[in-house]
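Colleague: Just dropping this structure here.
The values are calculated or read from the model by the stated rules, or taken from the named source; none is laboratory data. Keep in mind it's a predicted model, so treat the numbers as computed, not measured. Quick reminder, even Gly has a Cβ in these numbers, built from the backbone with ideal geometry, and neighbours come from all protein chains shown.
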Amino acid sequence: MRPLNFPALFKFAITFTITCTSSVFSATALAAPAHAAAHAAPHGHAPAHKNNAPAANNASNARTPCARLTARLQSVTPAMCQNSQLVQSGARSRQGFPILTRQQASTSKKDSVRVLLIGGIHGDELSASSAVFQWMQWLPPADSSPLHWNIVPVLNPDGMLAAKPRRVNANGVDLNRNFPTPRWNVEAQRYWISKTGRDPRRFPGSSPLSEPESRWLSDEIKRFKPQIIISVHAPFGVLDFDGPVDPPVRFGALRLAPIGVYPGSLGAYSGNQVPVLTIELPSAGRLPDQAEMRRIWQDMLKWIEQNIPSGNQIAMANSKSSAQ
Ligand SMILES: [Zn+2]
């Protein structure tokens, strides 16, 4: 591991952290379960730091997942997290942090489009997770929403909560290169060696789905059967798209500008069957202003409504074409 860059770390600490008092947080659905310590033995190369201590081991300040996440995400208040209706999925990161999800089916529309919205697959893209928390505040209630949501604001909590946030997970794997794309064993390694020069930030892992976070997401895609997957990243300030429907042209100020296909990426893995929209926010450390966040959100909803067919519509189109 490279030595820590202390000036950068100091700057980071000022930019991204806020002080939270434990009295703000009460036990909720997100409280760390008592058995967390059993899953929380240190793995991999994560630096030792008190922020990395599992909540159940930190007896003097047993902080909930919301407390730990909002201590890192400056734009997300404890109240936002507590009110976000997140629950523990049952899956845990390498270091035992619960993967949190919000599931909201539409009660107003039977055949609703299923949307999987993911933030923070790269732990050092803090704005990506903050954006998902922000958008959750604007989610219409189930009885007026035409969409079935499955929302994962922080897929790589160990990377985000490391002493210095890291792109990779606690095992040093870039989760967005760990999905089983065709010929992964050859292509992912070859790409990592020849194109990235063995960049440790882009290590695809020793085998596809070697990591609990990517494995859980792959299982969740099979279980939930989304009609659209939206993955939020930073800092390229564009939209990227893999899939069989018309891509969006623009959300807010973000325009479509394909950034490439990588072996092992979520887009390359799912894009053939399920459209994968990648939103690259313009800064990893700072959210766009509220007006722009609102424009991106509204443009996204409109594009889904106009372009993503529901399961029944796809089935009907398939049966029509096979009948011809
Ligand atoms: Zn990213």
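Colleague: Given the residues 232, 249, which is the only one that is over 13 Å from residue 121 (Cα atoms), among the β-branched types (Val, Ile, Thr) and at pLDDT 95 or above?
Modeller: 249
Colleague: For residue 258, which of the numbered conditions (1) at pLDDT 95 or above; (2) more than 19 Å from the chain's Cα centre (by Cα) fails to hold?
Modeller: (1)
Colleague: Inspect segment 92-106 for any residue being away from the ligand (no atom under 16 Å from the Cβ), modelled with pLDDT under 95, surrounded by fewer than 18 Cβ atoms within 10 Å (Cβ to Cβ) and not in a strand (DSSP E or B) and give the result as yes or no.
Modeller: Yes, that holds for at least one residue.
Colleague: Evaluate the following for residue 111: is it in contact (Cβ under 8 Å) with a residue 12 or more places away in the chain, in a loop (DSSP other than H, G, I, E, B) and within 16 Å of the ligand (Cβ to nearest atom)? Don't jump to the end; show me each part of the working.
Modeller: Values: in contact (Cβ under 8 Å) with a residue 12 or more places away in the chain: yes; in a loop (DSSP other than H, G, I, E, B): yes; within 16 Å of the ligand (Cβ to nearest atom): no.
Considered against the rule, which asks whether it is in contact (Cβ under 8 Å) with a residue 12 or more places away in the chain, in a loop (DSSP other than H, G, I, E, B) and within 16 Å of the ligand (Cβ to nearest atom), residue 111 comes out as no.
Colleague: Any idea which of (1) part of a helix (DSSP H, G or I); (2) within 14 Å of the ligand (Cβ to nearest atom); (3) surrounded by fewer than 24 Cβ atoms within 10 Å (Cβ to Cβ) is the one residue 124 doesn't satisfy?
Modeller: (1)
Colleague: Give the residues of segment 172-187 that are assigned to a loop (DSSP other than H, G, I, E, B) and either within 13 Å of the ligand (Cβ to nearest atom) or touching a residue at least 60 places away in the same chain (Cβ under 8 Å) (or both), sorted by residue number.
Modeller: Start the filter on segment 172-187 by keeping residues that are assigned to a loop (DSSP other than H, G, I, E, B), which leaves 172-174, 178-183.
Once the filter is applied, which keeps residues that are assigned to a loop (DSSP other than H, G, I, E, B) and either within 13 Å of the ligand (Cβ to nearest atom) or touching a residue at least 60 places away in the same chain (Cβ under 8 Å) (or both), segment 172-187 yields 172, 174, 178, 179, 180, 181, 183.
Colleague: OK, next. Can you go through 169, 156 and tell me which one is over 18 Å from residue 71 (Cα atoms), within 16 Å of the ligand (Cβ to nearest atom) and in contact with a Gly (Cβ under 7 Å, 6 or more places away or on another chain)? Step through it out loud before you land on a result.
Modeller: Details: 156 fails: over 18 Å from residue 71 (Cα atoms).
Residue meeting the stated conditions: 169.
Colleague: Another question, if that's okay. Report every pair of residues separated by at least 6 positions or lying on different chains whose Cβ atoms are under 7 Å apart, first residue within segment 152-171 and farther than 19 Å from residue 136 by Cβ and basic (Lys, Arg), second within 15 Å of the ligand (Cβ to nearest atom) and part of a helix (DSSP H, G or I).
Modeller: 166/159; 167/159; 167/201
Colleague: Report every pair of residues separated by at least 6 positions or lying on different chains whose Cβ atoms are under 7 Å apart, first residue within segment 120-135 and more than 15 Å from residue 300 (Cβ to Cβ), second within 13 Å of the ligand (Cβ to nearest atom) and among the hydroxyl-bearing types (Ser, Thr, Tyr).
Modeller: Filtered contacts from segment 120-135: 120/129; 121/231; 127/283.
Colleague: Could you please let me know if residue 195 is under 29 Å from residue 112 (Cβ atoms) and either of a type outside the set (Ser, Thr, Tyr) or touching a strand residue (DSSP E or B) at 6+ places or on another chain (Cβ under 6 Å) (or both)? Break it down into steps so the answer makes sense when it comes.
Modeller: Working: under 29 Å from residue 112 (Cβ atoms): no; either of a type outside the set (Ser, Thr, Tyr) or touching a strand residue (DSSP E or B) at 6+ places or on another chain (Cβ under 6 Å) (or both): yes.
Against the criterion (under 29 Å from residue 112 (Cβ atoms) and either of a type outside the set (Ser, Thr, Tyr) or touching a strand residue (DSSP E or B) at 6+ places or on another chain (Cβ under 6 Å) (or both)), residue 195 does not qualify.
Colleague: Moving on to the next point. Only residues that are touching a Pro at 6+ places or on another chain (Cβ under 8 Å) and within 25 Å of residue 271 (Cα to Cα): list them for segment 103-117, please.
Modeller: Listed by number, the residues that qualify are 106, 112, 113, 114, 115, 116.
Colleague: Give, as residue ranges, the helices (runs of 4 or more DSSP H) completely inside segment 201-314 that count at least 1 residues that are within 15 Å of the ligand (Cβ to nearest atom) and buried (at least 20 other Cβ atoms within 10 Å of the Cβ). Before you say what the answer is, go through the steps one by one.
Modeller: Numbers: elements: 212-224, 266-270, 290-307.
Fully inside segment 201-314 and qualifying: 212-224, 266-270.
Colleague: Condition first: at pLDDT 95 or above, within 13 Å of the ligand (Cβ to nearest atom) and either more than 26 Å from residue 76 (Cα to Cα) or not small (Gly, Ala, Ser) (or both). Can you find one or more residues in segment 135-146 that meet it?
Modeller: Scanning segment 135-146, I find no residue that is at pLDDT 95 or above, within 13 Å of the ligand (Cβ to nearest atom) and either more than 26 Å from residue 76 (Cα to Cα) or not small (Gly, Ala, Ser) (or both), so the answer is no.
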